[in-house]
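First up is the structure itself, then whatever we jot down about it.
Computed from the coordinates by the stated procedures, all read-outs in this text should not be read as laboratory data. Bear in mind that the values here come from a model prediction, so they are computed numbers and not experimental data. Cβ atoms come from the backbone with ideal geometry, glycine included; neighbour counts cover every protein chain shown.
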Amino acid sequence: PTREEKLHPYLWRFWNKLPGYGDIAFFNHSWYWPLILEAQKEGWSSSKIRSELEEILTFERHLIEDGNLLIKFFLHIPKKEQKKRFEKLEKDPDFQWRAKGKNKELLKAYDDLYKIINIVLQETYTDIAPWNIIPAMDERYCIAEAGNILLSKWDNTLKNGLSIPTYPIAPRQTDPLKEVDLSQSVSREQYEEILPKLQKELRRLQSICFKERIPVVIMFEGWDAGGKGGAIKRLVNELDPRGYEVIPIGAPQGEEKKHHHLWRFWKALPKAGHFTIYDRSWYGRVLVERIEGFAQPKDWMRGYSEINEFELQLAKWGAVIIKFWLHISPEEQLKRFEERQSNPFKQWKITEEDWRNRSKWKDYEEAVSDMIDRTSTVYAPWTIVEGNDKLFARLKVLATVIKSIKKFLKNKKT
């Protein structure tokens, strides 16, 4: 992996290279080979190998359930044949470079790699993504067999489609918005006293995270006019601009529409040691796409598990994950809409879509409650921010980010 790839989660570079719908991509070695080499180099136990393969199994399942056809080949040659081929390469001036250095070390490690590859093939041979193991002693046979398998798989998929499971979801266990106290507030004097202290402390923590290469993922969801922009503005006010990025999220555009709904978010992940702040996020799948019918029920229902698994991969990578829902009352939203509409400098913030979404408040409230109930996890919990008072909300956001990072740093030491 390149230096840039090492600063991101393991699967980041493979998500970046995925083909769009209707396109074809061939991966030489793919997401398996770096893991196999690392296992051999570090002497991983079989249980460690199986544990590391979980993310790959999740990755492949996400691709297939999104409608991708995945065909996996393993070309097998015995140790004697590999040695013979290396010797042939060494005698050819134009190709002898392929038999030197790290490549030649692989020949010495054949027995170890053989055991590791056996575990990998066994653990990742699934009904939806089986391995096709081809004896590769004879080049012509190998090419013909691979071609026949490709044609057969493509033909069968075009005729019968892919078998994609459905994801029934259990009834919601909690009603997270019911007990939110929207009367909470602070005075202007308290706000102006506390705000700079929190901002200064967050700047200090940003420096520590950069030094220790800890990525921080902060995402905001909330009602229209809920105060996301104002909270983000105060959050980043004292941060080093070289170490953070704010990404506003809208409807997918262009190339984004040709990929899995999480593809654009994988591409936008922070480097290790950096902050990325999302103004709206991957939760659009189970909010706006659900309510507006942009995603089929089977797709948004599957979205909860996909998102939980995505965030689990970020947590295993070592990211701090902080999620906010900015909550306001319908009456407060109406007040803010009318203020925007009457203020020439804020009119750009209000659209016909905002008014239309307001008419679906109950539908969105149900979707938000489902979202928080089903995706608030130990590694990526939701924080509901009481947002009727903007000053209170801004302070709570800053205090929560600080508390979350400090907790992560403390756990990291222990």
Residue with peak Gaussian network fluctuation, the chain [Cα springs, cutoff 10 Å], from Asn132, Asn156, Asn237: Asn156
Alpha-carbon centroids, the stretch 85-150 and the stretch 17-59: separation in whole Å: 15
Spatial separation of Cα centroids for the stretch 378-410 and the stretch 199-252, in angstrom: 12
Leu162 versus Glu238: modelled label distance in nm, points set 7 Å from Cα along the beta carbon direction: 4.8
Prolate/oblate/rounded label for the stretch 347-414 (Cα gyration tensor, a/c 1.5): oblate
Residues whose placed amide H lies under 5 Å from that of Trp131, excluding near-sequence neighbours: Thr126
Segments 169-181, 347-359 sorted - mean Cβ within 10 Å per residue, highest first: 347-359, 169-181
Of Lys115/Lys153; Lys197/Lys407; Lys72/Lys100; Lys228/Lys335, those spanning more than 21 Å from alpha-carbon to alpha-carbon: Lys115/Lys153; Lys72/Lys100
Residue exposure sequence - Lys104, Lys17 - by fewest surrounding Cβ within 10 Å: Lys17, Lys104
Cα gyration tensor, the stretch 74-149 - rounded (a/c under 1.5), prolate or oblate: oblate
Once the Cα gyration tensor of the stretch 3-160 is diagonalised, semi-axes √(5λ) in Å: 27, 22, 16
Fewest-first sequence of Met371, Met301, Met137 by Cβ atoms within 10 Å of each Cβ: Met137, Met301, Met371
Förster radius 30 Å - calculated FRET efficiency between Asp92 and Phe26, Cβ distance, rounded to 0.05: 0.75
Per residue convex hull volume, Cα atoms of the stretch 283-414, in Å³: 128
The chain shape via C-alpha gyration tensor axes, a/c threshold 1.5: prolate
Cα centroid separation - the stretch 264-288 against the stretch 345-359, whole Å: 24
Per-residue Cβ neighbour rank within 10 angstrom, fewest leading, Leu37, Leu398: Leu37, Leu398
Sequence-distant residues sharing a close amide H with His76 (under 5 Å, placed H): Ile134, Ala136
